[in-house]
Amino acid sequence: MADGFDVVVIGAGPGGYVAAIRAAQLGMTVACVDKRAAPGGTCLNIGCIPSKALLQSSERFAAVQHELAAHGVKVAGVTLDLKTMLARKDKVVADNTRGVEFLFRKNKVEYVKGAARLAARDRVAVALNSGGQRELSAKKAVILATGSDSANLPGIAIDEKRIVSSTGALALDAVPRQLIVVGGGYIGLEMGSVWRRLGSEVTVVEFLDRITPGMDDELSTALQRSLERQGFKFRLGTKVVEAKAGKNGVALALAPAKGGGSREDLAADVVLIAVGRVPHTADLGLKEAGVALDDKGRIKVDGRFATSVPGIYAIGDAIAGPMLAHKASEEGVVLVETLAGRQSTLDYDAVPAVIYTWPEVASVGKTEEQLKHAGTAYKTGKFPFSANARARANGFTEGFVKILADAKTDRVLGVHIVGPDAGTMIAEAALAMEFAASAEDIARTMHAHPTLEEAVKEAALAVDGHPIHI
Ligand code: FAD
Ligand code: NAD
């Protein structure tokens, strides 16, 4: 086994494994190192994929109970088999991680299982999971794709049973009666949805006075209303000051986020801490190698993903930007294509973001608040799913599509969707933005009938003030 490669990638998450495969496609010799038992990083093992498997299963469970009767489908005696649901989720994960191992073999990427550390700017020392050491050298580049870990709150001990991170929340062996979710962001709302649908009473404690910070305000408000109708309770502007796990549950204390006010004691069976993620940069030898971090502890890179040390690059959750799998993957592709001498870029204004709740929320481009803040003159077109024929036929009419376009040029600046399948529909908007489309371009594009996507076309028509179906 040769230990000299063109590229050594540390981390086999969606950033690292995609970079490794693309580099191999471009003719480079590549090793990809990861210390987990299986490749795929956070996303495949404990993130995107298991959470979506449980969202899908719990959505089915909720639909059978609450939706099918309206379609004339009567189902009696619905019960939950949580063990099977969790086993299915584990199988989905295993099938996906095996898929990455297959792709590594197919593309002749050498997959090395072990903990990597920078030994020099062009050398990586690996403590192999199977025991022993191996040193890999990199002629062209070492790529740091080490991802992120769950953030915690000071003084709160996560035991992954009673006080859990997303990882524990993906594997609870019983449905908690009371689930308190700390953090009203992606993870809190997605995992809160899973357990709410399976029967938990869910209270979300959010520090800010709104959920999903960073999303367009109108989307956040619509999502919160919809989740409240599903039984979620929200405690906004509130912080957790104490959480202690005991034999029968967790004792919590809440206080107003702004300070002052009195402390409120609460009890829960399980508390999910979902207050963000922090870049994973420990035990990598970054300091010794001279790799600089920014003020938030992320690996500092320039516009071409180069760190402060020549020959060492970084991508994904470990650097600045949205902590999203597709962003990590695209960075990996752009980086290795650039290393191969190709012109390759990525447009950070066209990174779609989706929260896979019901309804889903999906965004790409600028929010209305960002445009106002920047003083950009814009036009708005909005279309509700209640006026979309397919949404009516499907029986899900909540939500809307909102398109923001430049007031002068009509160029699409942002698209925000809350509604059924918003996460799928946002792809059209991302493509439009990638091509610098105008709202009129979308409006004049023929959309098949009857589809939910017609709401995107109608919102684009509404930018110019003449939607047809409302
Ligand atoms: P990671 O996926 O974190 O991979 C980094 C890898 O590096 C890890 O496997 C780690 O073991 C390895 N590593 C670190 N240090 C070393 C070392 N020294 N030696 C060897 N290996 C090392 N994003 C989405 O876009 N869509 C979603 O639906 C979504 N859902 C999510 C749900 C949850 C519950 C969570 C937690 C996250 C979710 N995310 C989602 C975020 C997504 O998982 C991350 O943005 C993505 O995984 C980042 O990819 P990455 O390659 O940068 O890092
Ligand atoms: P998040 O940043 O989405 O949300 C964290 C929330 O916690 C915020 O609303 C924040 O205001 C709040 N918060 C922070 N400190 C708090 C405190 N002390 N008390 C109460 N609330 C507090 O983070 P997350 O939900 O942990 O997810 C981490 C990241 O993982 C996301 O930002 C996203 O990038 C990624 N992710 C993506 C998806 C997806 O794409 N569907 C799903 C899950 C996770």
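The values are calculated or read from the model by the stated rules, or taken from the named source; none is laboratory data. Since the structure is predicted, the reported quantities are computational estimates derived from the model, not experimental observations. Using ideal geometry, Cβ is built from the backbone for each residue, glycine included, and neighbour counts are taken over all protein chains shown. Surface areas here come from the heavy atoms of the whole protein model, side chains and all, with no ligands, DNA or RNA. Shrake-Rupley method; radii C 1.70, N 1.55, O 1.52, S 1.80 Å.
A few comments on the model shown:
- Based on alpha-carbon atoms, the Kirkwood radius and the radius of gyration of region 370-470 give Rg/Rh equal to 0.96.
- List Val240, Val275, ordered by accessible area with a 1.4 Å probe, largest first: Val275, Val240
- Protein accessible area in region 163-275, 1.4 Å probe - carbon and sulfur %: 51 percent
- From most to least packed by mean Cβ count within 10 Å, the peptides 299-309, 135-145 give 135-145, 299-309.
- Sparsely packed trypsin sites (Lys or Arg not before Pro) within region 191-261, loop by DSSP, other Cβ within 10 Å at most 14: Lys247, Lys258
- Radius of gyration over Kirkwood radius for region 163-275, both on Cα atoms: the Rg/Rh ratio is 0.95.
- Contact order normalised by residue count of the chain, Cα under 8 Å, 6+ apart, percent: 14 percent
- Placing a pseudo-label 7 Å from each Cα along the Cα-to-Cβ vector at Ala436 and Leu208 gives an inter-label distance of 3.1 nm.
- Simple point charges give the picture: +1 on the Cβ of Lys and Arg, -1 on the Cβ of Asp and Glu, and for region 371-423 a dipole about the Cα centre of about 160 debye.
- For the chain, the Cys residues with no second cysteine's beta carbon closer than 4.7 Å are Cys32.
- Using a Förster distance of 35 Å, the FRET efficiency for Arg444-Ala374 (Cβ separation, nearest 0.05): 0.80
- Selected from Ala245, Leu413, Val334, residue furthest toward positive end of dipole (the chain; charges at beta carbon): Ala245
- Ordering of 446-456, 67-77, 318-328 by packing is 318-328, 446-456, 67-77, highest average first (other Cβ atoms within 10 Å, averaged per residue).
- Our Cα-only numbers for the chain put the radius of gyration and Dmax at 23.5, 69 Å.
- Annotation: amide H of Val205 within the under-5 Å range of Val181, Val182, Gly183, Arg235, sequence separation 5 or more or interchain, hydrogens built in the peptide plane.
- Proximal aspartates and glutamates relative to Lys161, as straight alpha-carbon distance under 12 Å, when same-chain residues fewer than 8 apart are discounted: Asp173, Asp269
- Across region 229-293, the mean sequence separation of Cα contacts (distance under 8 Å, 6 or more residues apart), normalised by length, yields a relative contact order of 21 percent.
- Alpha-carbon centroid distance for the pair region 391-470 / region 354-386, whole angstrom: 11 Å
- Surface analysis of region 283-353 yields an accessible area of 47 Å² per residue, using protein heavy atoms and a 1.4 Å probe.
- Within the straight-line cut-off of under 20 Å between alpha carbons, the lysines reachable from Lys139 are Lys108, sequence neighbours fewer than 8 places apart in one chain being disregarded.
- For region 163-275, the relative contact order comes to 34 percent (Cα pairs under 8 Å, sequence separation of at least 6).
- Lysine pairs in region 260-399 with Cα atoms under 17 Å, if 8 or more residues apart or on separate chains: 6
- Computed extension gain for Ser130 through Lys91, at 0.36 nm per residue and net of the alpha carbon distance, reaches 11.6 nm.
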